[in-house]
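The structure is given below, and queries will be raised subsequently.
The values are calculated or read from the model by the stated rules, or taken from the named source; none is laboratory data. No experiment lies behind these values; they were computed from the predicted model shown. Don't worry about glycine lacking a Cβ; one is built from the backbone with ideal geometry, like all the others, and counts go over all protein chains shown. Note: accessible area is taken over every heavy atom of the protein model, side chains too, but ligands, DNA and RNA are not part of it. Shrake-Rupley method; radii C 1.70, N 1.55, O 1.52, S 1.80 Å.
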Amino acid sequence: MDPYSAEGELVNIHNHFHQGQYQEVVDFDTSAFSAENALPARVLAHRARIALGQADDVIADVQGESDPELAAVGALAQFSLGKTDEAVKTIEELASSAGDNAVVQVMGGTVLQAAGRSEEALALLSQHSGNLDAVALITQIHLEQNRTDLALKEVRAARSWGQDSLLVNLAESWVGVRVGGDKYQQSFYVFEELAQAPATSSTLSLASQAVCELHLGRVEEAQSALELAIQKEPEYAEAIANLLVLTVVIGKDPTDLKAALQKAAPSHPFLTDLEEKSALFDKAAAKYSPKVSA
Amino acid sequence: MASSGMLTKFESKSSRAKGIAFHPKRPWILVSLHSSTIQLWDYRMGTLIDRFEEHDGPVRGIDFHKTQPLFVSAGDDYKIKVWSYQTRRCLFTLNGHLDYVRTVFFHHELPWIISCSDDQTIRIWNWQNRSLICTMTGHNHYVMCAQFHPKEDLVVSASLDQSVRVWDISGLRKKHSAPTSMSFEDQVARQNQQQTDMFGNTDAMVKFVLEGHDRGVNWVAFHPTAPHIVSAGDDRLVKLWRFSETKAWEVDTCRGHFQNATGCLFHPHQDLILSCGEDKTIRVWDSQKRTAVQSFKRENDRFWVIAAHPEINLFAAGHDNGVMVFKLERERPASTVHQNNLFFITKEKHVRSYDFQKNSESPTLLSLKRLGSAWVPPRTLSYNPAERSVLVTSPADGGSYELINLPRDGSGALEATDSKRGQGNSAIFVARNRFAVLNTASQTVDIKDLSNNTARSFKPPVGTTDIYFGGTGNLLIITPTAVHLYDIQQKKSIAELAVNGVKYVVWSNDGLHAALLSKHNVTIVTKTLEQVSTLHETIRIKSATWDDAGVLLYSTLNHIKYTLMNGDNGIVRTLDQTVYLVRVKGRNVYCLDRAAKPKVISIDPTEYRFKLSLVKRNYEEMLHIIKTSSLVGQSIISYLQKKGYPEIALQFVQDPATRFELAIECGNLDVAVEVAKELDRPALWKRVGDEALSHGNHQVVEMAYQKLKQFEKLSFLYLSTGDHSKLARMAKIAEHRGDFTARFQNALYLGEVEDRIQMFKEIDLYPLAYMTAKAHGLEEECQSILEVTGITEEQLTLPEFGAPLKQPQPVVPTYKANWPTKASSQSFFEKALAGQLEGLSLEEEPAAATNGFDELGDEDILTKKTAALEVEDDDDAAGWDLGDDIVPEADHDFVNVDSTEAGGAGSSEADLWARNSPLAADHVAGGSFESAMNLLNRQVGAVNFAPLKPRFLEIYQASKTYLPASAGLSPLVNYVRRTVDETDPRQVLPIIPRDLEHLASNDLQKGYDSMKSNKLEDGVQIFKGILRALLVNAVSAEGEVAEAKKLITSAAEYALAMSIEVTRRRLGTPDVVNASPDLTKRSLELSAYFTIPKIEVPHRQLALLNAMNLASRSKNLSSALSFANRMLANGGAPRLLENAKKVKAQAERNPHDAVEIEYDQFAEFEICAASYTPIYSGTPFEVCAFDGSKYHSKYKGTVCTICEVCEVGKKGSGLKFFA
């Protein structure tokens, strides 16, 4: 039986992870799990720790372990600490030795994509056999490459065998937010359902819900969702970044939020991008000048 | 032919039932049995009310009288008996038939009974004078059935001679309704006339003989309204006949029974015929199409008779082993509530909605005519507000569902188009994009998306009969013995509660609780399926709805009741017809009746609200209820007493005895005393005394003892409280009463030795008197006693005396006040009632309305100003040349992203924006700043972009959101669109913050405020900001372009005007300026120019005032006069005008300018925005292509001072706002 399927032991911890409830994953009582599920549960817990910024602990824990799964998680932990080259090297080795390992695929895909090597990430991930984590990653990579068509195809295929599982819904919603129109609303439903039920709620789903609302033009609702997310997790960069965007959209002054984002995530794409664009502006503006300067 | 749909409501077990009659009003049914018994059942409660056993042998005919408490029966003993069900006995017997009597019926208005018999006759009897009035002969075999027509003077009969006969009895009515002032002889004569009067007419004539049955006819019945007859015979056929004034004919035959058809009738309200037969079936036929609609079969019992309830949709059939009462279809209209709307399906299968707030019913939103079969109403309705679609299930065809979108504009009865359907017994929305379908036959639940594709499916717990919404992500799954809370995601039951036979689930408004309704039970559960309470009803429970406060109101067949969470319940009101509750709001209960009509029933929610606030200990609310409503009654009192709130119950009781009991119970002595005084009974006073004693309230104790005349106790009380004066009085009283013991006692308490001695003497107890005197050393007294008694001291032997008794002295004057009484049992509530609590105000605080006024005033002015501005601006916008479109270079060939199949990255939406739009703003949002600048350069000659940087970055920052996706990867970037509904990548466009509307309602107002508050430097920046925001902007409709241009012009004028004045102020302080003639001149000029730009009139007035004051101060009275005149012409605030008038009067005396300035008040000119000098009409000038500000020609090629972006004199294609 697929341990991630609805009947399996791992479904709850797995869902927690993908709902962004990382602390719940770490705290999850896995003592009752059968032996075969112990490793996947451990991997999930490590991934959650990495997401919580405790990569050091993970590296310490997987040190010396021979399982490719743990090695892959270790690579992700290294990557998250900024040791890009080492991480990529580990992943490349694992990809050639244990490319059929689901965890290696997912971790490897994540590291490679994050390192900007999308094609390799896709190549590694495409070896998956019925792994929804991989599907979700592939979908995301396609979306980052602006290949909505391929992402859509990926999700449709997964929908046929993955049934209504959380990851399929999430991936479909990611695509939905990109496609827009009616799909904004559909995606909103998915995120909102997660965000509003106490058992599944997380800042991640709140932020996602808010993003949909922002796209739908429902700024007040988006604002309250984001503020709630920030209230729950004051340093949550995505919530701050999106609230910042929202503040600009409604024509308000975003200075405070920019400072907050700078503090929470100095290398957030919003900030790096903005810096880049600011330089671009100056460069482009320099091309023009009045005939007569006053 | 479906066998479903028939709903059995009651079944009895007995010997063969041959006759049935419904009571027209009460839920009663009479059953006559082959065993000679007549039973009276309450089919609603399922109880046997009575048995009547006087017939000898089978009883075949039975009928209730419509209005009187009578019924009639007839049987094989040839007898017809008339009974009173009140006195429960047979009133009299009509004898006359010579063989078995088959049927008896009352006439609907005349005091007649019709009977038919195996003696081949039909007889009509008058039950008032207990006589036979007519015998109808003609049938030549047993007459099996004879009935009056429900309205006309007709009789129909069926006989084993294979014929059905229709008789005209109008003659009989004439004869018997004639004035009854007949002599005895006349009556006798009439009796003897038998059937033929003197003209040879008979009282009852055969009108038609209907032949068509091949065998004997067992039953015949008239249609309630139409001229139709239905008959059933041993030829197994049910025949439909029609008749007119003159003839009658057979219409059609319903074939289907495969044994003798024994009974038949028309459905009272629908075009249906029901028949039953010895083939053990009941069959339902469509009387229009004469096709079988339904059939119902019993395993072993042959049916003998069938009857319809005259009013409601209920039928009964008698068979070999008893009777069954049933209805053909569910009468519960399918409905669902969403917020303030009720959606329901009418009897015509139309979907309608009803607005609770407006109390109005919508026109038909949708027609479901084609759903299921004609005679099967839809079972459930589920509404999805997000998609405005409905999910309807119907039991037809083994269960089916249909998903239909409601038309957006509910106009006219639309046939459902574009519906998605499938097989299933229950279907409900579980999320806004998912619904669940239960198929009971295959025992599967499918979760489907809105395109009807199965997203997942699972096997529910064994024996699942129904599913309901179970909260987000959950289903409530109903099995015959339990309810499961089922997690759809995990595909497992996460909670289970054993409840039998749940039929409906009703969620509370806050979604925290649900009521599970079964036939006789209401179980309240939490959303996690934990049982909160349960209650049992003997009457069937029909529906329920939650009050906002968490009270469940439910309806039974004949009551609306309530239950609180804790299971306390009671009756709210009675119902005269069954309704289905859908909503309760205040004093109104909204419901649907069986005709699917929304109704509002008013209720008195006081009782349950009171109980609820009691449970919640919300005393203010209780107090409010007590004060505002007349809540009395034994039930409330006993409820309160039972719940341990005697002090509250006390507030409702009028009856003094009960009041006293309650007062004692809650220790409320005041009330107890009050009642005791009123009733003044010793028993009560005793209890008051005891209670008061235990409280330490000795004053009340004293009163009680006084009332009870318990002198000893009183004395002791006074002793213990140290009240000597009262003790003395007690002594006096004792003396009066002649009670020596009491007197002695009091004297003892008081230490009155003399008094005691005196008393002993009085009662001749000299030895004791002497002893007392001696002991207290009263020697004189001793002597006098000795003298009186004539004994000397020597004759006495005295014991040793101790110290004399010392009188107890009170330490504390307790009697002056009560002891500290027992801890007060006065609740908050009582205090509030007694008015002791201050600040507990029942009325809501009046809203603070003091400081709102000023602001309101300001706003008012503001709006007025805006209005004024808009009026003025109308004139200005006309002259603006829009120019020709120049297709921007950025409009490259479009690359269709979707078609590229191979790998590799596609272009982002940001890139598309640049391709899709000729607007600089859209290019900025897409991040292509170069092309945006290029566009602006071409359109309006923008050259100096630095001031636009904040605007560029603002737009750019608003363009993207960050959707957190997989852990470990950067968030997914998505692009925010202003075209929210658009999905075609060639049409999508970015959102532009601070659009026209935002600028007009925010920034512009801020600009005006700065003008008003004289913060001109801020104002200049605000208006320049508006210009820059407009320079890079987009509008959503062609029509807004003009508005945008208008706003540009206005902002430019303000920026210019304010800049002029700012420049003037920068010339120096007034002293500096006045000191220098040049500066004075410039200052006066600039102040004059300040009045030139076309700004809003109130603001221009400010400029004019400024100029006028400066001019008049500098003795430039001519200029001042012109400004004053302009001000007066503009009108406006009286204070300003007053000022202007003064200056005008002053200036007119000497209209000369002291300082010559370059300002010709009569010439037309505009102001150069760079030099702030006049550009007189006729002289050449240059303009800024964006904001329209004017410059002397020499400034051509410089950067516009107003927008600070564009090059003066550079021609452009014109700014574009609309893609």
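Keeping all protein chains in position, work out how much accessible area A:V43 exposes to a 1.4 Å probe, and write it in Å² to the nearest 10.
10
Mind checking which lysines have their C-alpha under 21 Å from B:K25, skipping anything on the same chain fewer than 8 residues away?
In chain and number order, the partners are B:K9, B:K66, B:K151, B:K327, B:K542.
Counting residues in the stretch B:1-138 as N, plug N into 2.2 N^0.38 Å and put the Cα Rg over that result.
1.07
Another question, then. Give me the Kirkwood hydrodynamic radius of the stretch B:243-301 in Å, from all C-alpha pairs, to one decimal place? Write down the numbers at each step before the final one.
Working: mean 1/r = 0.0807 Å⁻¹.
Radius from the Kirkwood sum: 12.4 Å.
With every protein chain in place, what's the accessible area of B:D214 (1.4 Å probe, Å², nearest 10)?
So the heavy atoms of B:D214 present about 100 Å² to solvent.
Now a separate question. For B:R434, what residues show an amide H to amide H distance below 5 Å, using hydrogens built from the backbone and excluding near sequence neighbours?
none
Enter the accessible area of B:R283 (Å², nearest 10), with the probe set to 1.4 Å and all protein chains included.
20
Straight-line reach only, C-alpha to C-alpha below 22 angstrom: list the lysines that B:K686 could link to, leaving out same-chain residues fewer than 8 apart.
B:K677, B:K707, B:K709, B:K713, B:K726, B:K822
Just in the stretch B:401-508: which trypsin sites (Lys or Arg not before Pro) are loop by DSSP and have at most 12 other Cβ atoms within 10 Å? Show your work: numbers first, answer last.
Numbers: sites: B:R408, B:K420, B:R421, B:R432, B:R434, B:K448, B:R456, B:K491, B:K492, B:K503; in loops: B:R408, B:R432, B:K491.
The qualifying sites are B:R408.
Taking the square root of 5 times each eigenvalue of the Cα gyration tensor, what semi-axes in Å does the equivalent ellipsoid of chain A have, largest first? Don't jump to the answer; show the numbers that get you there.
Details: eigenvalues 234, 111, 78 Å².
For chain A, the ellipsoid semi-axes come out as 34, 24, 20 Å.
Sticking with this one: So between B:T93 and B:K25, what do we pick up on full extension, going 0.36 nm a residue minus the alpha carbon distance? Present the calculation step by step, with values, prior to reporting the outcome.
On the way: separation 68, 0.36 × 68 = 24.48 nm, distance 2.57 nm.
Full-extension gain reported as 21.9 nm.
Another question, if that's okay. What is the distance in Å between the Cα centres of the stretch A:90-118 and the stretch B:1043-1109?
Between the Cα centre of the stretch A:90-118 and that of the stretch B:1043-1109, the gap is 70 Å.
Hey, any idea what % of chain B's accessible area is carbon plus sulfur with a 1.4 Å probe? Working shown, then result.
Working: 26850 of 54200 Å².
Carbon and sulfur together cover 50 percent of it.
Ranked by accessible surface with a 1.4 Å probe, highest first, in what order do B:E712, B:E691, A:E276 come?
Numbers: B:E712 85, B:E691 40, A:E276 120 Å².
Listed by decreasing accessible area, they come as A:E276, B:E712, B:E691.
Related question: For the stretch B:390-401, what does the Karplus curve 6.51 cos²θ - 1.76 cosθ + 1.60, with θ = phi - 60°, yield as ³J(HN,Hα) per residue in whole Hz, taken in order and with x for Gly and Pro?
Calculated HN-Hα couplings, in order: 10, 10, 10, 10, 9, x, 4, 6, x, x, 8, 10 Hz.
What Kirkwood radius, in Å to one decimal, follows from the Cα pairs of the protein assembly as shown?
Working: mean 1/r = 0.0231 Å⁻¹.
Computed over the protein assembly as shown, the radius equals 43.4 Å.
Normalised by the residues of the stretch B:642-716, what does the relative contact order come to in percent, with Cα pairs under 8 Å and at least six apart?
Values: 69 pairs, mean separation 15.1, N = 75.
So the answer I get is 20 percent.
For B:R978, list long-range residues whose amide hydrogen, built 1.01 Å from N in the peptide plane, is under 5 Å from its own amide hydrogen.
For B:R978, whose amide H was placed from the backbone, the distant partners under 5 Å are B:L989, B:I991.
Here is a follow-up. Relative contact order for the stretch A:184-279: what percent, with Cα pairs under 8 Å and sequence separation of 6 or more?
On the way: 101 pairs, mean separation 18.4, N = 96.
This gives 19 percent for the stretch A:184-279.
Tell me, what ³J(HN,Hα) does each residue in the stretch B:63-71 have, in order and in whole Hz, if you take phi through Karplus 6.51 cos²θ - 1.76 cosθ + 1.60 with θ = phi - 60° and put x for Gly and Pro?
3J(HN,Hα) across the stretch B:63-71, in whole Hz: 7, 7, 6, 5, 10, 7, x, 10, 9.
Enumerate the amide H contacts of A:R147 below 5 Å, restricted to partners 5 or more residues apart or on another chain; note that Pro and chain-start residues carry no placed amide H.
Here B:G906 satisfy the definition.
Leaving ligands, DNA and RNA out of it, rank B:R729, B:R173 by accessible area with a 1.4 Å probe, largest first.
Order by accessible area, largest first: B:R729, B:R173.
Suppose we keep just the alpha-carbon trace of the stretch A:98-238; what are its Rg and Dmax in angstrom?
In Å, with Rg to one decimal and Dmax whole: 15.7, 49.
When the Debye formula is applied to the Cα atoms of chain B, each taken as the same point scatterer, what base-10 log of I(q)/I(0) results at q = 0.07, 0.09, 0.10 Å⁻¹?
Reported log10 I(q)/I(0), two decimals: -0.95, -1.16, -1.28.
Here is a further query. Take the alpha carbon atoms of the stretch A:8-80, find their center, do the same for the stretch B:205-249, and report the distance between the two centers in whole angstrom.
So the two Cα centres are separated by 84 Å.
Right, here's the next one. Note the per residue figure in Å³ for the convex hull of the C-alpha positions in the stretch A:184-279. Write down the numbers at each step before the final one.
Details: hull volume 9.0 nm³, N = 96.
Per-residue hull volume (Cα only) is 93 Å³.
Reported to two decimal places, what Rg/Rh ratio describes the stretch A:10-107 when computed on Cα atoms with Rh from the Kirkwood expression? Mind dumping the intermediate values first?
Working: Rg = 12.9 Å, Rh = 13.5 Å.
Computed over Cα atoms, the ratio is 0.96.
Students sometimes get this wrong: rank B:H998, B:H736, B:H108 by accessible area, probe 1.4 Å, all chains present, largest first.
On the way: B:H998 40, B:H736 155, B:H108 60 Å².
Highest to lowest solvent-accessible surface, that is B:H736, B:H108, B:H998.
Something else now. Straight-line reach from B:K1196: which lysines fall under 25 Å, measuring Cα to Cα and dropping same-chain residues less than 8 apart?
Correct list for B:K1196: A:K287, A:K291, B:K949, B:K1024, B:K1045, B:K1046, B:K1094, B:K1210, B:K1211, B:K1216.
Hey, another quick one. Nearest 100 Å² is fine: what is the total accessible surface buried where chains A and B meet, probe 1.4 Å? Can you show the working numbers first?
Details: alone 15560 and 57490 Å², together 66500 Å².
Chain pair A/B: roughly 6500 Å² of buried accessible area.
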